[in-house]
Amino acid sequence: MSFHRKRKVLSNQREIEVICQSFTPLTARSFFDYLRRSKQLAFVWLLLKENPSRDKDELVERILQVKGLQGKSNQTLRENIQKNIQMVANWLILVQHIRRLKETKFSKDNEEHKATLKEFWDIVTENQEHLWKDWKDVGFQGNDPSTDFRGAGWLSALQLLYFAKQHFSLCRRILYNCNTIVPNYPFACTGIYCTEALTNLLEQGILLPLVEWQSDQDDSLKIFHEEYVRLFLLFHHNWRTGNPQNLLDFGKYMDKTIQQAKDRLRERGTILTTEELQKAQNMLV
């Protein structure tokens, strides 16, 4: 029995009252899980999926009516239900946006796609041309990187570029480590795996607490990209501090990293805290 259901039994309150007594990003995920399994409130889930921008006050009133709480509800309960609904709506908007980017096939004939890849190359190889001769040196499988983007589409290229632009020093240090530690692993392909993994976690609702209820799409997208950087760094930390025998161990270490990320997101809402992020960075050469 879940924590919220135990409290419901002990206090004789409806589960939605227990969940919405307060509002935090983590309680929003409890509301999300409740909304998806509730037969009575299935219509709310369907209405939000159909149109995440629909009027939230109307949905609050309909929830209170269905749950028989209109006469006994207080303002705090109404406000918290509304905030939770807004969080779920923002999450749905982000999922739709991320899904569109992921399903957009990367094309070497698309000028915008080519520009994304070229900018990534220019950033990571700046003043180090003697180290990086071709695409394989930065972690692609061959000299045509477009073939590696099949799993996560244009989104994976955008996230590699975000990492290089917004965390230039960290990105370059990890790339250097990838090619010098033994056994090494492919930087770019690892980034693509991280994109796929993080998208799956987002669609499962595990990343929902990161979507601020008052944020716009750009804010949510940036938060999503920042967790991508944290996931990549966590994998790198596991690889360096573990004992991989060769590249065949890649899948095992990636699975371990994804499970750690899932557990940490459920417990505290982020893959790495600011302190952990700094500590992991300090361990890089």
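The mean sequence separation of alpha-carbon pairs under 8 Å and at least six residues apart, normalised by the residue count of the chain, gives a relative contact order of 18 percent. When shorter helices are ignored and each DSSP H run of at least 4 residues is given -39500 (n - 2.57), the per-residue value for the chain at 222 nm works out to -21500 deg cm²/dmol. For the chain, the solvent-accessible area of protein heavy atoms averages 50 Å² per residue (probe radius 1.4 Å; ligands and nucleic acids excluded).
Once Rg and Dmax of the Cα atoms in Å is worked out from the coordinates, which option in (1) 18.9, 73; (2) 21.7, 73; (3) 20.2, 71 does it equal? From the options (1) 18.9, 73; (2) 21.7, 73; (3) 20.2, 71, the structure gives (2). If you sort 39, 165 by accessible surface, 1.4 Å probe, largest first, the order is 39, 165.
Measuring with a 1.4 angstrom probe and ignoring ligands and nucleic acids, residue 283 comes out at about 90 Å² accessible. Note on residue 76: accessible area approximately 70 square angstrom, rounded to 10, probe 1.4 Å, nucleic acids and ligands left out.
The listed residues 30, 53 rank as 53, 30 when sorted by accessible area, largest first, using a 1.4 Å probe. Using heavy atoms of the protein chains and a probe of 1.4 Å, the accessible area assigned to residue 222 is about 120 Å². With respect to the chain, whose longest principal axis is taken over its alpha-carbon atoms, helix 25-37 is tilted by about 70°. Measuring r between the beta carbons of residue 37 and residue 255 and using R0 = 30 Å, the FRET efficiency lands at 0.65.
May I ask you to order 94-100, 156-162 by the average number of other C-beta atoms within 10 Å around their residues, highest value first? Please report the intermediate quantities before stating the final value.
Values: 94-100: 17.0, 156-162: 24.6.
Per-residue mean Cβ counts within 10 Å order the peptides as 156-162, 94-100.
Relative to the longest principal axis of the Cα atoms of the chain, helix 250-268 runs at roughly 30 degrees. Positive-end ranking of 82, 98, 156 along the dipole of the chain, with charges on Cβ about the Cα centre, is headed by 82.
Computed 3J(HN,Hα) for region 239-249, one whole-Hz value per residue from the Karplus formula 6.51 cos²θ - 1.76 cosθ + 1.60 where θ = phi - 60°, is 5, 5, 8, x, 9, x, 7, 6, 5, 5, 7, glycine and proline marked x. Carbon and sulfur: what percent of the chain's accessible surface (1.4 Å probe)? Ligands and nucleic acids excluded, carbon and sulfur give 47 percent. Net length available on complete extension from residue 246 to residue 79 is 54.8 nm, with 0.36 nm assigned per residue and the Cα-Cα distance removed.
Counting only alpha carbon atoms, the long axis of helix 111-125 and the longest principal axis of the chain meet at about 60°. Are any of the pairs 133/252; 108/136; 108/165; 83/222; 222/252; 105/252 more than 19 Å apart by Cα-Cα distance, and if so, which? Correct reply: 133/252; 108/165; 83/222; 222/252; 105/252.
The values are calculated or read from the model by the stated rules, or taken from the named source; none is laboratory data. This structure is a prediction, so every number in the text was calculated from the model and none was measured. Heads up, the Cβs are rebuilt from the backbone with ideal geometry, glycines too, and the neighbour counts pull from every protein chain shown. We work out accessible area using only protein heavy atoms, side chains counted, and drop any ligands, DNA or RNA first. Shrake-Rupley method; radii C 1.70, N 1.55, O 1.52, S 1.80 Å.
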